[in-house]
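Trainee: Here it is, the structure, as structure tokens.
What follows is calculated from the coordinates using simple rules that are stated; it is not laboratory data. This is a predicted model, so every value here is computed, not measured. Glycine also receives a Cβ, built like all others from the backbone with ideal geometry; neighbour counts cover every protein chain displayed.
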Amino acid sequence: MTPELFRDWRATPERARGASVALGNFDGVHRGHASVVRAAHAARPDAPLAVLSFEPHPRELFRPDDPPFRLTLSAERAAALGRLGVRLLFEIPFDRGFSELSAETFVAEVLHRGIGARHLACGADFAFGHRRGGDVALLGARAEALGIGLSVVPPVSDARGPITSSRIRRLLQDGYPERASLELGRSWSIRGVVTPGDRRGRTIGFPTANVPLGRHLEPARGVYAVTARLPDGSTVKGVANIGRRPTVAEGTESRLEVHLFDFSGDLYGAEISVALRHFLREERKFSGVEALRGQITADAAEARRLLAAPQAGEPHSALPNARRSE
């Protein structure tokens, strides 16, 4: 169930006050984020479970010229939080004015007076307020004075160290969606609206649904075995290319093109979510359309084989044909 969304912390309705609130950006909603959400619930299981996050991500305000880096945009983040049991999502508009609130004002006005938080949970490195002037020590002191509890949650780690959004971004950019899925706790997805393309795929027997990457991180360019969640809730297997299509019409921006197996519906204008399951090969230029058609046929067969495996759709440790760039 998708959480109820609130964007104006100054107008929080009474039914949304008194929650146990997990704090953070939650880009990716990975296993570390999930532990913060669970801590919020465990501390006050009698209170509504909420998350307070920001939109856009603060980095987008302060470094607008950076390439897109987001693992999850607003809708996908909300869906992932809903699957963790979050009932309320305070998605605070992060603009220049909000960024200039002092740490003390954030606690007193936003967390206490604004949303009426009963308990807070955050990671040990949580920083907030103007110029990130507040840390967990300040948060704990101010919260205690206002009668608000606080749980500080240690990072979730594995043999490679703490699980972070930055680490997951690197895995995706290096062509390891399977490893990224282990750290996320689910397969990484790109959610977007299907837009008209040049219909070239239809001419070679592989019609595609085209989804702009928008503000999403661009993963390794190449071909993937995927599953797509459609507006009616169904899931369809397929094969997808992420890149600039060097054989037919190389563009300046990468895009996601998904061929769905055994599907013939019209998806133009629909929002779909495409999960990257396995990296098959890097994007490359072919000698012509026939060579491209032959390779796509082979890619589709390999995607079908991988997606038919017993653990299809679950985090997977095998890395068939993946790029080794460690």
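Trainee: Among DSSP beta bridges whose residues both lie in the chain, state the antiparallel percentage, nearest 5. All intermediate terms of the calculation are to be shown ahead of the outcome.
Mentor: Working: 35 of 57 bridges.
That works out to approximately 60 percent antiparallel.
Trainee: So if the hydrodynamic radius of the chain is defined as the Kirkwood radius over C-alpha pairs, what does Stokes-Einstein give as its diffusion coefficient at 37 °C and 0.692 mPa s, in µm² per second?
Mentor: Values: Rh = 21.1 Å.
Value of D from the Cα-based Kirkwood radius: 155 µm²/s.
Trainee: Could I ask something else about it? Give the share of C-alpha pairs in each 10 angstrom bin for segment 180-307, from 0 to the last occupied bin, in whole percents, shortest bins first.
Mentor: Taking all Cα pairs of segment 180-307, the binned fractions are 13, 49, 34, 5 percent.
Trainee: Using just the helices of the chain, give the 222 nm mean residue ellipticity in deg cm²/dmol: DSSP H runs with n ≥ 4 each add -39,500 (n - 2.57), and the total is spread over all residues, rounded to 500. Present the calculation step by step, with values, prior to reporting the outcome.
Mentor: Details: 9 runs with 82 residues, N = 326.
Counting only the DSSP helices, I get -7000 deg cm²/dmol.
Trainee: Taking every pair of alpha-carbon atoms in segment 32-91, give the share separated by more than 15 Å as a whole percent.
Mentor: On the way: 960 of 1770 pairs.
Cα-Cα pairs in segment 32-91 separated by more than 15 Å: 54 percent.
Trainee: Roughly how many nanometres apart are two label points built 7 Å out from the Cα toward the Cβ at GLU55 and LEU146?
Mentor: Between GLU55 and LEU146, the simple spin-label model gives 2.3 nm.
Trainee: Nothing charged except the Cβ atoms of Lys and Arg (+1) and of Asp and Glu (-1): what's the magnitude of the dipole of segment 180-307 about its Cα centre? Round to the nearest 20 debye.
Mentor: Details: 19 positive and 15 negative charges, 29 e Å.
Approximately 140 debye in magnitude.
Trainee: Additional query: For segment 4-158, what proportion of DSSP beta bridges, expressed in % and rounded to the nearest 5, is antiparallel?
Mentor: Working: 1 of 22 bridges.
The antiparallel proportion sits near 5 percent.
Trainee: Over the chain, what relative contact order in percent results from Cα pairs under 8 Å that are six or more residues apart? Before the final figure, lay out the partial values.
Mentor: Numbers: 652 pairs, mean separation 56.1, N = 326.
Relative CO of the chain lands at 17 percent.
Trainee: Oh, and also: Using the Kirkwood radius over C-alpha pairs as Rh, can you work out the diffusion coefficient of segment 4-158 via Stokes-Einstein at 37 °C, viscosity 0.692 mPa s, in µm² per second? Write down the numbers at each step before the final one.
Mentor: Values: Rh = 15.5 Å.
D, rounded to a whole number, is 212 µm²/s.
Trainee: Among residues other than ARG277 whose Cβ falls under 9 Å from its Cβ, what is the net charge (Lys/Arg +1, Asp/Glu -1)?
Mentor: Cβ neighbours under 9 Å give a net charge of 0.
Trainee: Once you put a point 7 Å from the Cα of SER99 and another 7 Å from the Cα of ASP232, both along the Cβ direction, what distance in nm separates them?
Mentor: Label-label distance for SER99 and ASP232, simple model: 4.5 nm.
Trainee: Place a +1 charge on the Cβ of each Lys and Arg in segment 4-158 and a -1 charge on the Cβ of each Asp and Glu, then give the dipole magnitude about the Cα centre in debye, rounded to the nearest 20.
Mentor: Working: 19 positive and 19 negative charges, 69 e Å.
It works out to roughly 340 debye.
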